[in-house]
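S.K.: Provided herewith is a single structure, encoded as structure tokens, for subsequent inquiry.
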Amino acid sequence: MKRVAIIVNGGIGNGKFLQGVPSMVYLIERLSHDFEIVVYSLIKTEIKEVSKNFKLKSILANIKSPGWFKAFLLLFLFLKDHMIKRYDLIHAFWALPAGLLAVKLSKLFKIPCIVTLQGGETANLPEINYGNIVNEKSR
């Protein structure tokens with residue numbers, strides 16, 4: 001069975017009713033029927049609220065540090081798992097920091113990569129200061 005690492009900023013088993021982002025959770029659930037899925041989340045997630053069809057690894061909630069440091073910690077979780085059993089694909093949701101981390105890992109380990117952009121990541125509406133493309137740093 002092919003093995004897929006999915007990197008997310010959050011959105012799995014969290015939110016007001018711990019449901020996560022419904023469309024993303026549904027997609028991951030469907031993929032888990034045909035692939036071995038390991039989801040890496042940059043925020044602490046309630047594992048009891050997550051499907052038993054895929055594995056979930058997340059950064060501890062008590063780590064109060066910048067996003068880049070959490071991404072660095074997530075990198076070590078990924079590396080440990082990848083060394084034990086190689087991934088066939090990396091899929092990230094959102095461009096920053098999950099997508100950037102996925103692209104870097106893809107190049108480093110020569111693994112195919114998919115980055116799914118959502119919401120305002122592809123928007124550029126300077127009139128209302130909306131979208132990641134408006135900001136020079138996130139562009």
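S.K.: Here are some pairs, Lys52/Lys104; Lys70/Lys104; Lys44/Lys85; which of them have Cα atoms lying more than 22 Å apart in this structure?
M.R.: In this structure, Lys52/Lys104; Lys44/Lys85 exceed 22 Å between Cα atoms.
S.K.: Then there is this: Ignoring ligands, DNA and RNA, how do Tyr40, Tyr130, Tyr26 rank by accessible area with a 1.4 Å probe, largest first?
M.R.: Working: Tyr40 0, Tyr130 105, Tyr26 145 Å².
From most accessible down to least: Tyr26, Tyr130, Tyr40.
The values are calculated or read from the model by the stated rules, or taken from the named source; none is laboratory data. The structure displayed is predicted, hence computed values, not measured ones. Note: areas computed on protein heavy atoms with side chains; ligands, DNA, RNA excluded. Shrake-Rupley method; radii C 1.70, N 1.55, O 1.52, S 1.80 Å.
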